[in-house]
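Remarks on the structure that follows.
Derivation of every value follows stated rules applied to the coordinates shown; laboratory data play no part. Computed from a prediction, not measured in an experiment: that's the story for all the values here. Glycine also receives a Cβ, built like all others from the backbone with ideal geometry; neighbour counts cover every protein chain displayed.
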Amino acid sequence: MTETGPFSIIHKRLGPGEPVPNLSEYDGERAEFTWDEARAAFAHLPGHILNIGDEALDGQVRRGLGDRLALRWLGRDRRRDFTYAGLAAATNRFANVLRSLGVGRGDRVFSLLGRVPELYVAALGTLKNGSVFAPLFSAFGPEPVRARMALGDARVLVTTESLYRRKVLPWRAEMPALQHVLIVGDSTPHVGTRALGPAMGSASEAFAVERTLPEDMALLHFTSGTTGRPKGAVHVHDAVVSHHVTARYALDLGPDDVFWCTADPGWVTGTSYGIVAPLTIGCTMVVDEGEFDAERWYSIIERERVSVWYTAPTAIRMLMRAGTDLAKAHDLSSLRFMASVGEPLNPEAVVWSQSVFGHPFHDNWWQTETGGIMIANFRCLDVKPGSMGRPLPGVNAAIVERQGATVQVLDTPMTVGELALAPGWPSMFRGYLHDEDRYRKCFVGGWYLTGDLAMRDADGYFWFVGRSDDVIKSAGHLIGPFEVESVLLEHPAVAEAAAIGVPDPLSGEAVKAFVALKPGHAPGEALRDELLAHGRKRLGAAVAPKCLDFRDELPRTRSGKIMRRLLKARELGLPEGDISTLEGTER
Amino acid sequence: MSPDAIRAVLIEEIRRAVPGSTPEALPDDRPIRDEVDIDSMDFLSLVTALHQRLGIPIPEADYGRLDTLGHAEAYLAAQVAAKTGER
């Protein structure tokens, strides 16, 4: 093993009495692994039927795990427990509600919810009904919500009264295809909506799972590109094979674990690993309704005896900021494995976690399109801080260079190129909904091209370098600059707009906007606030720019495309002090 | 500092951290995060601004005590009083 960065390798040794990792010998098990063998373990229903909801719940009940705790939900000031049998019954009720509304196979059921129990019930009930589940992040503003529901042919929406009123009602009349809106709770004041509580109460607990096939569409997750509208990545029921296998290998998850995935199901991590994978493994998952709070998080690990923890670099950096003393004030000895995803985990954070928790965070890499973890640091392998690790069994990754209609594989260690994957794993996306052309363009010369630039070292470890496009990555979430710019351009004072990511010590990148004004409008603090407020109102806190600068004009190519990269280079090339002088703005 | 002055600072800084929000209309006893579209990053900017503006320590362990307008006002008042008492 060679040292690649300035940080020492963290060597692994199995301590006395420690259980053997699920993946204990990387090279040998990787050589023997096949997806077909992994699939064979899933034949629970006769006739090639495969249904994620059945694998997650009813299958576990048939195996005798019905009394086991499946979900411990922690509300802001109360908690609710669901056993596997309890969750199976609740999801049956939800599936019956859908069926009674005439909602069936392939119909898209959207959720716009915080992390409340109904979200988990709706997700798995939708899948059992053979419908397609499309979760939206509740911090999206009305515009991202509308755009995604339109693209995804939403027929049903499950949400709360408050979210409906603020983010859906303003445009509901424009979307007649949205037939049913189910509002969490006992009543609803809105015409054209139904209260979910009474509907669930009168529905039966008995339901025969829809006989879905492995290639039937199951999940729809949205992601962003540089140009145009969001993309709807289509995933099928076969994905459950990847969810299960990768959680066993990359998260070392087993049935006796208490697992906490802190991601919101509005993003792919929160569905693949925050709903599906842990349930197929039969462990207990913890869900916290609250937002990040260092003290609360440590208390949850201590009180719930969390053993496997999957979180994100932004949260880890906020924990670092909160200080080691806060961590030391809690008994965190239940933790046995910790992993991170969303953006590259900086090596300082890996080293910090090793010193504070006695275990390193194991960074891993994947994206919405891959549906599951592709490259990871494993419990059985040494960790090189700053590296995303090595490909999972069943995953072939390479560094390539595009050459027209084909690619050249770059074999020389530490050469920068595009990270590419050989298609064929079960949770690979099967399309971008209604955009076959964009989907086809992702595949060149027999490889799926990820859009991420990376390197591989001589030991086979992969290192993230950057994005090959202009997509912004903030707090682990991809934000399409076009979506941000379109909303800014709606404002009557704005002539041109560009959005880029600027470095942020906590979130990796923060969205920054540049605007050029129409004649008759002058830059100033009041207009800046007004534009930021406009962005937030339409896009929501998760997508809206956090800062904004005025420009007389924006740099464009001859063909008229805004040169975001030049804006970014200028932004990063100047010392902080010079920028404030140049722009005459307070920073 | 009077409670009214502390509340005024709090409301001004929420408005600054969350452009377009109307914190003066917030109920005292509801979680701020439910009423204002604020994410974890915005919340950190708010706490940092309050810390600088009022010259008081706001340790991470206490962030949970800033959940509602009422709680936040009481907490900030206590911190300001403690600081004044030290002098």
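Under the rule a/c < 1.5 gives rounded, and otherwise a/b versus b/c splits prolate from oblate, where does the protein assembly as shown land using the Cα gyration tensor?
Note, shape of the protein assembly as shown comes out rounded.
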Could you point to the residue in A:M563, A:H534, A:V502 farthest towards the positive end of the stretch A:499-570's charge dipole, with +1 and -1 charges on the Cβ of Lys/Arg and Asp/Glu respectively? A:M563
Per the helix-only model, chain B has a calculated mean residue ellipticity at 222 nm (DSSP H runs of ≥4, -39500 (n - 2.57) each, divided over all residues, rounded to the nearest 500) of -19000 deg cm²/dmol
Two-site FRET efficiency, A:L169 against A:Q354, from Cβ-Cβ distance with R₀ of 51 Å, rounded to 0.05: 0.55
Mind checking which lysines have their Cα closer than 21 Å to the Cα of A:K537? Skip sequence neighbours fewer than 8 apart in that chain. A:K167, A:K473, A:K512, A:K546
Summing -39500 (n - 2.57) over the DSSP H runs of n ≥ 4 in chain A and dividing by its residue number, what mean residue ellipticity at 222 nm do you reach, to the nearest 500 deg cm²/dmol? -8000 deg cm²/dmol
For A:K12, the lysines lying under 29 Å Cα to Cα, once residues fewer than eight places off in the same chain are dropped, come out as A:K328, A:K384
Under 1.5 on a/c is rounded, so check that first for chain B, then, if it is not, pick prolate when a/b is larger than b/c and oblate when it is not; a ≥ b ≥ c are the square roots of the alpha carbon gyration tensor eigenvalues. prolate
Positive-end residue, the stretch A:26-453 charge dipole about Cα centroid, Cβ charges, pick of A:L45, A:A420, A:G141: A:G141
Can you compute the charge dipole magnitude of the stretch A:17-152 about its Cα centre, using +1 on each Lys and Arg Cβ and -1 on each Asp and Glu Cβ, nothing else charged? Give it in debye, rounded to the nearest 20. 940 debye
Is there a quick way to get the dipole size of the protein assembly as shown? I mean about its Cα centre, with the Cβ of Lys and Arg at +1 and of Asp and Glu at -1; what is the value in debye to the nearest 20? 1040 debye
Whole-percent tail of the Cα-Cα distance distribution for the stretch A:327-464, cut at 22 Å, equals 43 percent
Rounded to the nearest 20 Debye, what is the dipole magnitude of the stretch A:104-153 about its Cα centre when Lys and Arg each give +1 and Asp and Glu each give -1 at the C-beta? 100 debye
Only loop residues by DSSP count here, and only those with at most 15 other Cβ atoms within 10 Å; note down the trypsin sites (Lys or Arg not before Pro) in the stretch A:24-84 that meet that. A:R63, A:R76, A:R78
Alpha carbons only, please: Rg and Dmax for the stretch A:213-322, in angstrom. 15.5, 48
Among DSSP beta bridges whose residues both lie in the protein assembly as shown, state the antiparallel percentage, nearest 5. 60 percent
Would the stretch A:472-583 count as rounded, prolate or oblate if I go by the C-alpha gyration tensor, calling it rounded below 1.5 in a/c and otherwise prolate when a/b exceeds b/c, oblate otherwise? rounded
